[in-house]
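See structure below.
The values are calculated or read from the model by the stated rules, or taken from the named source; none is laboratory data. Here the structure is a predicted model, which is why all the values come from computation and not from measurement. Because the Cβ atoms are built from the backbone with ideal geometry, glycine has one as well, and the counts that use them run over all protein chains shown.
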Amino acid sequence: MSSKIFNSVFMGNSIGNLFKLTTFGESHGIAIGGIIDGCPAGITLDFNAIQLELNRRKPGQSKITTQRKEPDQVEFLSGIFDGKTTGTSIGFQIENTNQKSKDYSHNTSVYRPSHADYTYDKKYGIRDHRGGGRSSARETANWIVGGAIAKQFLKNIKINAFTSSVGDITLNKPYQELNFDIIENNIVRCPDEATANKMINFIDNTRKQGDTIGGVVTCVIQNVPVGLGEPVFDKLHAALGHAMLSINAVKGFEYGSGFDGAKMKGSDHNDLFNKDGTTKTNLSGGIQGGISNGMDIYFNVAFKPVATIMQKQNTIDSNGNLVEMQGKGRHDPCVVPRAVPIVEALSALIMADYYLHYKARK
């Protein structure tokens, strides 16, 4: 078996074990889609809620996102009857309707800096230069569908993500003081109006300069029962970290006290118990020994600046020649606002998977 065939056979296209999502498709192909296995039967689905989640992620929604216009209408092909899940595989697809492949004609043999172009080509010996193909963030629309269904299965577990920083503009309020109901009130998805306006202006000015900027998405998971997760290689926070680090452009993940915990003494960091098993503080981030302890789970996900910029850069082509290139087409100046529902979706997929494991032990 050649190395190219071997690599293709073992490409990872799935997440989860009991509640499992397997996806397919490329950015400029006919469609993207997936199969959800393990969703219990009898769940009445709110299809409007699923579409709403897709609308939160889809391109072209504001001046600070890519202007590619995709309706992102999901079509379910199996596993649902009379609006309820049947317990069998849920198949779905989302058509690509607004590809502009000519925008990438300059990119046929050129490797874009900080993209997957070079590594993908070297690993597989072939690549789809039109928007990155399988490496494109277009794939994340599939995750939204799976996560939206997972949310409806979880019901009582509440998952809320929001933009907590863009560049050096940071929301300096603890999440307990925030109103999650207003996250969607602005295009940057920051639950603080004054901070949101600063972020929006900063992103828009960065866009006008032909540049991009990164930021942080914070996620809070509430009403989690005690006992989700395992003590060794299937720790709950490890699974959440694996999911978050699978998102395009993510460069970091921290939960609970995160890196700030490394600066503290144990006497300050320990979460002391109340009589009912709750803790007076929650620097553990709702997870101890890899297992949920019933407190809120919260974590931060760091996103780098989008790699495609509208400025000239030096790079190499497939023949190893030094060349100059400049980004073209439609791209996000900051991926963070559209990443908020993606973080929620992957969190829901992990929580649904671990909840099924938890129930199986009961």
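No other residue among L283, L240, L236, L272 is exposed (fewer than 15 other Cβ atoms within 10 Å of the Cβ) and aliphatic (A, V, I, L, M) apart from L272. Here is the figure for region 290-309: residues that are in contact with a Lys or Arg (Cβ under 8 Å, 6 or more places away or on another chain) and either under 12 Å from Y255 (Cα atoms) or in a loop (DSSP other than H, G, I, E, B) (or both) total 5.
From the list L356, L349, the one residue that fits, being buried (at least 22 other Cβ atoms within 10 Å of the Cβ) and part of a helix (DSSP H, G or I), is L349. When A302, A307, A348, A339 are screened for being of a type in the set (G, A, S), in contact with a Ser or Thr (Cβ under 7 Å, 6 or more places away or on another chain) and under 25 Å from R56 (Cβ atoms), only A307 passes.
The residue that is surrounded by the fewest Cβ atoms within 10 Å (Cβ to Cβ), among those in region 156-201 that are in a helix (DSSP H, G or I) and touching a strand residue (DSSP E or B) at 6+ places or on another chain (Cβ under 6 Å), is F180. Among the criteria (1) at pLDDT below 95; (2) crowded, with 18+ Cβ neighbours inside 10 Å; (3) in a loop (DSSP other than H, G, I, E, B), the one G229 does not fulfil is (1).
Of all residues in region 243-255, which are surrounded by 17 or more Cβ atoms within 10 Å (Cβ to Cβ), at pLDDT 95 or above and in contact with a helix residue (DSSP H, G or I) (Cβ under 8 Å, 6 or more places away or on another chain)? The answer is A243, M244, I247, V250, F253, Y255.
For (1) of a type in the set (K, R); (2) under 30 Å from G87 (Cα atoms); (3) modelled with pLDDT of 95 or more, each residue gets a yes or a no:
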{"residue": "R134", "(1), (2), (3)": "yes, yes, no"}
{"residue": "E139", "(1), (2), (3)": "no, yes, no"}
{"residue": "G147", "(1), (2), (3)": "no, yes, yes"}
{"residue": "A150", "(1), (2), (3)": "no, yes, yes"}
{"residue": "K158", "(1), (2), (3)": "yes, yes, yes"}
{"residue": "A161", "(1), (2), (3)": "no, yes, yes"}
{"residue": "G167", "(1), (2), (3)": "no, no, yes"}
{"residue": "P174", "(1), (2), (3)": "no, no, yes"}
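Where residues in region 205-220 are farther than 13 Å from P305 by Cβ and among the polar types (S, T, N, Q), which of them is surrounded by the most Cβ atoms within 10 Å (Cβ to Cβ)? Among them, the one singled out is T218.
Looking across region 265-316 at every residue that is of a type in the set (G, A, S) and free of Cβ contacts under 8 Å to residues at least 24 places away in the same chain, the one that is farthest from M244 (Cα to Cα) is identified as S267.
The residues of region 317-331 that are hydrophobic (A, V, I, L, M, F, W, C) and at pLDDT below 80 amount to a single one, M325. Listed by first and then second residue, the pairs linking a residue in region 61-74 that is farther than 14 Å from K208 by Cα and of a type in the set (G, A, S) to a residue that is at pLDDT 75 or above and assigned to a loop (DSSP other than H, G, I, E, B), with Cβ atoms under 7 Å apart and 6 or more places separating them unless they lie on different chains, are S62/I187.
For region 91-116, what are the residues that are β-branched (V, I, T) and modelled with pLDDT under 95? Across region 91-116, the qualifying residues are T97, T108, V110. Of the set (1) out of contact with any Cys (no Cβ under 8 Å at 6 or more places or on another chain); (2) under 20 Å from M244 (Cβ atoms), all apply to S164 but (1). The residues listed here are T218, T206; of these, the one that is touching a residue at least 12 places away in the same chain (Cβ under 8 Å), in a strand (DSSP E or B) and not charged (D, E, K, R) is T218. The sole residue among A150, A116 that is crowded, with 23+ Cβ neighbours inside 10 Å and either touching a Cys at 6+ places or on another chain (Cβ under 7 Å) or not aromatic (F, W, Y) (or both) is A150.
Of the residues examined, D72 is not one that is of a type in the set (D, E) and modelled with pLDDT of 95 or more. The residues in region 2-43 that are of a type in the set (G, A, S), surrounded by fewer than 19 Cβ atoms within 10 Å (Cβ to Cβ), at pLDDT 95 or above and within 20 Å of the chain's Cα centre (by Cα) can be counted, and the count is 1.
Inspect region 235-246 for any residue being assigned to a loop (DSSP other than H, G, I, E, B) and not small (G, A, S) and give the result as yes or no. Yes.
Whenever a residue of region 169-185 is over 18 Å from G256 (Cα atoms), its partners that are in a helix (DSSP H, G or I), lying with C-beta atoms within less than 7 angstrom and at least six residues away or across chains, give the pairs I169/T195; I169/K198; I169/M199; I169/F202.
Just one of the listed residues (T119, T88) is in a loop (DSSP other than H, G, I, E, B), out of contact with any Lys or Arg (no Cβ under 8 Å at 6 or more places or on another chain), under 26 Å from I15 (Cβ atoms) and at pLDDT 80 or above, namely T88.
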